[in-house]
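Undergrad: Okay, here's the structure, questions in a sec.
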Amino acid sequence: MRIYRNVLEMVGETPMLEVTRIDTGPCRLFLKLELANPGGSIKDRIGISMIEEAEKRGDIRPGDLLVEATAGNTGIGLALAAAQKGYQLVLVLPDKMSQEKIFNLRAMGAEIVLTRSDVGKGHPEYYQDLAQSIARERGGYYINQFGNPDNPRAHELTTAPEIWQQMEHDVDAIVVGVGSSGTISGMTQFFREAAPDLEFVLADPEGSILAHYIETGEIVPGGPWLVEGIGEDFVPDICDLSMVGKAYTISDAESFSAARELLRKEGVLAGSSSGTLLSAALRYCREQTKPKRVVAFACDTGNKYLSKLYNDFWMEDQGFIKRPQHGDLRDLIGRPHEHRATITVGADDIITTAHNRLRNAGFSQLPVMEGERLVGVITEDDIIRYTFGRPPRMAEKVRNAMRTSFLKVDKATSLENLVALLHGDSYAAVTEDGGQRFLGLITRSDVLNYLRRLHQDDNHDQQD
């Protein structure tokens, strides 16, 4: 086993895994595990390449400010290289990116600027336009992965040759997504010479314009999607789609479901874009009438999405997991008590325990229980009022600070009445059996999630 002297030496030469526990039709499907890179994604390769090639040209030197627009993973690759080489780094991210990526980047020393994810190219708050502005205003070097030839160069020189070697010069198709387009463009350069009959298959999130562009040659307005890191609302300058023979549009629901299936059946914890690629790869493989050897990617680690696609509550709030419906207020409860999903605190627990649970869960209120009986609610406001100026009270019992007068509603209460009641209160405790059995809390956020799910269901019905 080799001993490395620098973490950058560990990038690349990632393992290849054959998918054996998921139906791949007549084909053999292989996943290149880019999540094994030290930064956790395929983007480590281009982070190093774009900095080192700029150094060779004399464009930058240690101590300079680097600026980039990223969905997160390119930022991590750049932060990895920048920290080792002595550069300052500012990263501009759309606000839909996972908190895990943001925490990771800040911990690596990068300065993070969050911007809107609901605007397109040309808008001053679009992440690429904003990054360019910051670089210009602060005298930084704008890396521009979307137009930087050192991006595809990394994949031409490393990713593609590794696949060719691992597959023993026998591969029929490679399934890829397009974000900056560096992966597909660089591999196209390599395989155009090494295997000109190889077919690239595009996996594109629903809402991205690229699958439609490949099929029709038309660029049409796109829509929003939740998968991170792939899909675009424009065709990047460095994009080479000349060897793409097939393109699939994959919904967020399909992507998340496939990623979770990959973890359950193959034991691979991969990110949301890997779910998109796996869905497209499985469709392609199952459509074939003759055996083929197909490669796809586990693009990044699922550790960056534990609060999202691997969080059942987030998946439910987004409408991707459906609970049995009751036709009453139980359908609005975000964390049902009967499923042991409600975060509670005991009346005899200390106030510090209540504060820790509020803080860790990101909630503003907790039900206070004695056994299975709801005896109160404690909020951040209650804790402040009781302990401000008297810190030792944090060690007292919750029952001393909790409120026993709060909004309670029966599960049969109408939604209209609940909404009216929530004008004055931010939450309601839902009960049955004359208030004796606690079912869970409903917050204003739960109501909004419920209304959004109804809207999504209506849209799906209209499309069907």
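The values are calculated or read from the model by the stated rules, or taken from the named source; none is laboratory data. Fair warning: this is a prediction, and the values are worked out from it, not measured in the lab. Counting neighbours? That spans all protein chains shown, and the Cβs are built from the backbone with ideal geometry, glycine included. Each accessible area value is taken on the protein alone, full model and side chains, heavy atoms only, with ligands, DNA and RNA left out. Shrake-Rupley method; radii C 1.70, N 1.55, O 1.52, S 1.80 Å.
Undergrad: Starting with the highest mean, order 247-259, 383-395 by the number of other Cβ atoms within 10 Å, averaged over the residues of each peptide.
TA: The most tightly packed comes first, giving 247-259, 383-395.
Undergrad: About the Cα centre of the chain, what is the dipole size in debye to 20, counting +1 per Lys and Arg Cβ and -1 per Asp and Glu Cβ, all else neutral? Spell out each step's value before the answer.
TA: On the way: 51 positive and 67 negative charges, 301 e Å.
Once rounded to the nearest 20, the dipole reads 1440 debye.
Undergrad: Also: Give the carbon-plus-sulfur fraction of the accessible surface of segment 38-156 in %, rounded to a whole number; probe 1.4 Å, heavy atoms of protein chains only. Show your work: numbers first, answer last.
TA: Numbers: 2090 of 4610 Å².
Carbon plus sulfur share of accessible area: 45 percent.
Undergrad: In the chain, which Cys residues have no partner Cys with a Cβ closer than 4.7 Å?
TA: Cys239, Cys299
Undergrad: Can you work out the accessible area per residue across segment 219-330, with the rest of the protein chains kept in place, probe 1.4 Å, in square angstrom? Spell out each step's value before the answer.
TA: Values: 4570 Å² over 112 residues.
For segment 219-330, the solvent-accessible area averages 41 Å² per residue.
Undergrad: To continue, here is another question. Go through 172-180, 424-432 and give me the packing order, highest mean Cβ count within 10 Å leading. Kindly include the intermediate steps, with their values, before the conclusion.
TA: Working: 172-180: 25.4, 424-432: 17.6.
Most protected by this proxy first, the peptides run 172-180, 424-432.
Undergrad: Now, a different point. List, in the order given, every pair from Lys246/Lys290; Lys121/Lys246; Lys121/Lys308; Lys96/Lys304; Lys121/Lys304; Lys246/Lys292 whose Cα-Cα distance in the structure shown is over 20 Å.
TA: The pairs that break the limit, which is 20 Å between Cα atoms, are Lys121/Lys246; Lys121/Lys308; Lys121/Lys304.
Undergrad: Output wanted: per-residue J couplings in Hz (rounded whole) for segment 15-30, from phi through Karplus 6.51 cos²θ - 1.76 cosθ + 1.60, θ = phi - 60°, x for Gly and Pro.
TA: x, 10, 10, 7, 7, 10, 10, 10, 5, 10, x, x, 9, 9, 10, 10
Undergrad: Residue by residue through segment 85-95, which ³J(HN,Hα) values in whole Hz follow from phi under the Karplus form 6.51 cos²θ - 1.76 cosθ + 1.60 (θ = phi - 60°), with glycine and proline marked x?
TA: Coupling constants for segment 85-95: 9, x, 10, 7, 9, 10, 10, 9, 10, x, 6 Hz.
Undergrad: Here's something else I'd like to know. Counting every Cα pair in segment 127-173, what percent are over 12 Å apart? Write down the numbers at each step before the final one.
TA: Details: 755 of 1081 pairs.
Everything past 12 Å amounts to 70 percent.
Undergrad: Net charge near Arg437, counting Lys/Arg +1 and Asp/Glu -1 over other residues with Cβ under 15 Å of its Cβ?
TA: Net of charged neighbours comes to -2.
Undergrad: Rounded to whole Å, give me the distance from the Cα center of segment 74-116 to that of segment 262-294.
TA: 29
Undergrad: Still on this structure, I have one more. So which lysines can Lys408 reach, going by Cα to Cα under 30 Å and dropping same-chain residues fewer than 8 places off?
TA: Hits, sequence-local ones excluded: Lys322, Lys397.
Undergrad: Working from the alpha-carbon coordinates of segment 260-307, get Rg over Rh, Rh being the Kirkwood radius. Spell out each step's value before the answer.
TA: Details: Rg = 11.9 Å, Rh = 11.5 Å.
Looking at segment 260-307, the ratio lands at 1.03.
Undergrad: A follow-up question, please. Once phi is turned into ³J(HN,Hα) by the Karplus curve 6.51 cos²θ - 1.76 cosθ + 1.60 with θ = phi - 60°, what whole-Hz value does each residue of segment 132-139 show in order, with x for glycine and proline?
TA: 4, 5, 5, 4, 5, 5, 9, x
Undergrad: Let me ask something else about it. So how much slack lies between Glu287 and Val235, counting 0.36 nm per residue of separation and subtracting their Cα-Cα distance, in nm? Spell out each step's value before the answer.
TA: Details: separation 52, 0.36 × 52 = 18.72 nm, distance 2.78 nm.
So the extension gain works out to 15.9 nm.
Undergrad: Compute the orientation-averaged projected area for segment 187-294 from the convex hull of its Cα atoms and round it to one decimal in nm².
TA: Result: 7.7 nm².
Undergrad: What do the square roots of 5 times the Cα gyration tensor eigenvalues come to for the chain, in whole Å, largest first, as semi-axes of the equivalent ellipsoid? Before the final figure, lay out each step's value.
TA: Numbers: eigenvalues 410, 152, 85 Å².
Semi-axis lengths for the chain are 45, 28, 21 Å.
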